[in-house]
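A quick write-up on the structure given underneath.
Bear in mind these aren't lab numbers, they're just calculated from the coordinates by the rules spelled out. Remember, predicted model here, so these are calculated numbers, not experimental data. Here the Cβ is made from the backbone with ideal geometry for all residues, glycine too, and neighbour counts use every protein chain on show.
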Amino acid sequence: MRRMRDAQRARQLRKARTEAEHRLWQHLRGRRLGGLKFRRQYPILDYFVDFYCAEHGVVVELDGSQHLEGAPQDEARTRALERRGLRVLRFWNDDVLARTDDVLLVIVEACGPAFPPFGRALPRAGEGSS
């Protein structure tokens, strides 16, 4: 029963996405960012996180101006997710819209050095030009 409610709620959240969520999802979907698999509006604990990379335990949350008043709840949510062993990255919507590449770079770096940014493969030791 809860699973069905979660699926319905996730669907509603995906339909009501912000412009920043839409922009970021265009870069995260389909393993477009360094081959990383992200899910959007994914239920974890009692929350729906904006984006989640299960392989690396990275949660990406986007905050708009409404989060200024909800800062204590956001902090509690972040702590709960971190207690579960997840790394939580928070970005302002304005940052996603104005500095998309910078946001993507932070996300890739949080997922570890094995994943090059923007899907470009890095040469292995001894390969490429010197």
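Compute the length gained on full extension between Leu105 and Arg29: take 0.36 nm times their separation in residues and subtract their Cα-Cα distance, giving the result in nm to one decimal. Let's see the in-between values first.
Numbers: separation 76, 0.36 × 76 = 27.36 nm, distance 1.55 nm.
Roughly 25.8 nm would be gained on extension.
Quote the FRET efficiency, to the nearest 0.05, computed for Leu45 versus Ala71 with a Förster distance R0 of 25 Å and r equal to the Cβ-Cβ distance.
So, using R0 = 25 Å, E works out to roughly 0.85.
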